[in-house]
Amino acid sequence: MRYFLISALIALAGLMVGGGTASYLTYNKLIRQFQNIPGSPIILTAVYDKEKHILLYTITNPGTTPLTIVEKALVFTPGKESKEQAYILSNIPANVVLPPLSTVVVELKLKAETEELKPGDVVVATFTYQHPLSDDLYTVVHTFEHGPKEQKTEQQGQKEEAK
Amino acid sequence: MRLQSIFQWGLIALLGALLIFAFTGILVSALVAFLSPEGLAFLLGFIGAWVFANRLLFGYGSFLLAAEAYLAKDEVNLEELKEKTGEPKERLENLSPVALFALWLQHLEYFRYAYYGLFTLLLILMLLSKFNLLGALALGNYLEGAFWGAAVITLFVFAFEITAGYLMDRIRSEKGAAL
């Protein structure tokens, strides 16, 4: 009986030491590998600012390397209510750095001296970004439709202001 | 005894060389590239613990072999046994093998205490720095590596010690009646 208990105790201690050692070494190896994986930026929300006539994009960087937005571009397509002509703005230079694991708000100016966005207007924004591991360019394309949802939030905001 | 001292001095030379490399920066980048920093911390902890545990490992190891032979075949080399107890020979006259085995185990007790004390100190340091109580989070990770290296050695010390205690009890109960 005692012999059995002693051998079980030694086996348990061995399991704990082996498991601890292996998980320590594996964890550190994995962390070091994960630290070098660049993430792809995720656009969480796009909000239209009426007064400044700009679009505000909330972009998050889920990776562990910093990303740099090099260029912005936008394609404007008018909806039924808008009298504005369709237009394209491309190669807008930008130098916005998205630090690792953080969120940044990026502005996108609409074409000057154009009407404000009406429901149904569509803005397709293209962000070109780079990561430090290579010189290649990557793009993120985001479609933003100025629609009823936006109006609702605006109404809510007005109500809050009225209160 | 001879194998034990060869191991002891070899380990001390290896640990000393590694510490000198780490202190002066020679070969460190090559070692780190070969082992990863955590692997190097593990190796340093492993060798450092073995230097202190060597006497225990060989002591309990030879005790286990001698006790097994004594229990199974009643073989015992009294001269060697007397030497292992570390007591003056005049004191050991007229003592039975059972008493000599008990004295041998008692002689190893001091080294066991010192070793477990050092291991506990390392454990406390590791926990303090790992939970940022010393304010050195960067160091804590490497102390953990050294701790796991020492834990592998401690596992063997623990296993040998607990088995030696078991065999000692068996010797007492089976051969003590012959007194």
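General observations
- Part-to-part distance (alpha-carbon centres) for region A:69-105 and region B:1-56, which is given in Å: 58 Å
- Length-normalised contact order of chain A in % [C-alpha pairs under 8 Å, at least 6 apart]: 20 percent
- Across region A:15-157 the C-alpha pair distances fall into 10 Å bins from zero in the proportions 10, 33, 25, 15, 8, 5, 2, 0 percent.
- Principal-axis tilt of helix B:97-130 within chain B, Cα atoms, nearest 10 degrees: 20 degrees
- Cα-based helix-to-principal-axis angle, B:37-73 vs chain B, degrees rounded to 10: 10 degrees
- Heavy atoms of A:PHE144 accessible to a 1.4 Å probe, total area in Å² rounded to 10: 10 Å²
- Radius of gyration (Cα atoms) of chain B, expressed as a multiple of 2.2 N^0.38 Å: 1.28.
- Estimated FRET transfer efficiency when R0 is 41 angstrom, pair B:ILE12-B:LEU127 (beta carbons, to 0.05): 0.90
- FRET E, pair A:THR26, A:VAL97, Förster distance 22 Å, beta-carbon r, rounded to 0.05: 0.10
- Length released on extending from A:THR45 to A:LEU9, taking residue separation times 0.36 nm less the Cα-Cα span: 7.3 nm
- Stretching the chain fully between A:TYR87 and A:THR65 yields a gain of 4.5 nm (0.36 nm per residue, less the alpha carbon separation).
- Carbon/sulfur fraction of accessible area - chain A, other protein chains in place, 1.4 Å, %: 58 percent
- Residues in region B:10-34 that a label on B:LEU139 would reach, taking backbone N under 16 Å of a point 7 Å out along Cα→Cβ: B:23
- Between the amide H of A:GLY147 and those of A:GLY120, distances stay under 5 Å, these residues lying 5 or more places away or on another chain, with hydrogens modeled in the peptide plane.
- Angle between chain A longest axis and helix A:148-162 axis [Cα atoms, degrees, rounded to 10]: 90 degrees
- Legend: mean number of C-beta atoms from other chains within 10 angstrom of residue C-beta atoms, peptide A:19-27, equals 4.
- Coil-residue GluC sites (Glu not before Pro) of region B:34-114, DSSP, other Cβ within 10 Å capped at 10: B:GLU75, B:GLU93
- Under the criterion of Cα pairs below 8 Å and six or more residues apart, the relative contact order for chain B equals 33 percent.
- Anisotropy class of the protein assembly as shown from Cα gyration tensor, a/c 1.5 cut: prolate
- For the protein assembly as shown, the solvent-accessible area with a 1.4 angstrom probe is 61 square angstrom per residue.
- Helix-only CD estimate at 222 nm, as mean residue ellipticity for chain B, using -39500 (n - 2.57) per DSSP H run (n ≥ 4): -29500 deg cm²/dmol
The values are calculated or read from the model by the stated rules, or taken from the named source; none is laboratory data. Values in this document were obtained by computation on a predicted structure and should not be read as measured data. A quick note on method: Cβ atoms are made from the backbone with ideal geometry, for glycine too, and the neighbour counts reach across all protein chains shown. Heavy atoms of the whole protein, side chains included, go into the accessibility calculation; ligands, DNA and RNA do not. Shrake-Rupley method; radii C 1.70, N 1.55, O 1.52, S 1.80 Å.
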